[in-house]
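The values are calculated or read from the model by the stated rules, or taken from the named source; none is laboratory data. All values derive from a computational prediction rather than experimental measurement. Note that each Cβ is placed from the backbone with ideal geometry, even for glycine, and that neighbours are counted across all protein chains shown. These area figures cover heavy atoms from the full protein model, side chains too; ligands, DNA and RNA do not enter into them. Shrake-Rupley method; radii C 1.70, N 1.55, O 1.52, S 1.80 Å.
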Amino acid sequence: MAQTTTPPSRAPRSQDPTAGHSAWAAGGTMFAGVLMLVEGVLGILKGIAGIAEDDVYTRIGDYTFKFDVTAWGWIHLIVGIVLAVVGAGILKGVAWARMAGVAIAALDIILNFMWLPYTPIWALISIAIGTFVIWALCTGTSNGRPTTA
């Protein structure tokens, strides 16, 4: 009787949904938590600066979204606190933190877009960080299992 073997190049594909997950996605969740924590602390400092001194930030040009710098300070302070808390939750592996992280990162992207005339370079960097955080939290794995909706 002839024994049939499958050559290595034609080995059956694994049905494991986590097979082939990128190392970037797996490590990205932890990095997203750290980035959210850092972005939250920086948001808190940005907010305190805006609240303490109304002339710390100067608007560049005319822009549709005009807020008082003190109002922006309070917005950044509150969002910064929430970002830091959710980032700490992601690092601890708390179940609610992943979905909350996606939502607060999306809100932070929108707020930084509106904040563009005050600190354009840092706002663009924050938008890029928020985009990475959303990607990492949506594609990363938790405890070796794929994330579920």
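Structure notes:
- Scanning region 62-117 for residues that are of a type in the set (Asp, Glu) and surrounded by 16 or more Cβ atoms within 10 Å (Cβ to Cβ) yields one hit, 108.
- Residue list for region 112-139, restricted to those being among the aliphatic types (A, V, I, L, M), closer than 18 Å to residue 29 by Cβ and in contact (Cβ under 8 Å) with a residue 24 or more places away in the chain: 129, 133, 134, 136, 137
- Out of 51, 90, sole residue that is touching a helix residue (DSSP H, G or I) at 6+ places or on another chain (Cβ under 6 Å), modelled with pLDDT under 90 and either of a type in the set (Val, Ile, Thr) or in a loop (DSSP other than H, G, I, E, B) (or both): 51
- Restricting the first member to region 68-86 and to residues that are free of Cβ contacts under 8 Å to residues at least 24 places away in the same chain, and the second to residues that are open to solvent by 30 Å² or more (accessible area, probe 1.4 Å) and not aliphatic (A, V, I, L, M), the beta-carbon pairs closer than 6 Å and six or more apart or on different chains are 70/54.
- Cβ-Cβ under 6 Å pairs, at least 6 apart or on other chains, region 33-49 side of a type in the set (S, T, N, Q), far side modelled with pLDDT of 90 or more and assigned to a helix (DSSP H, G or I): none
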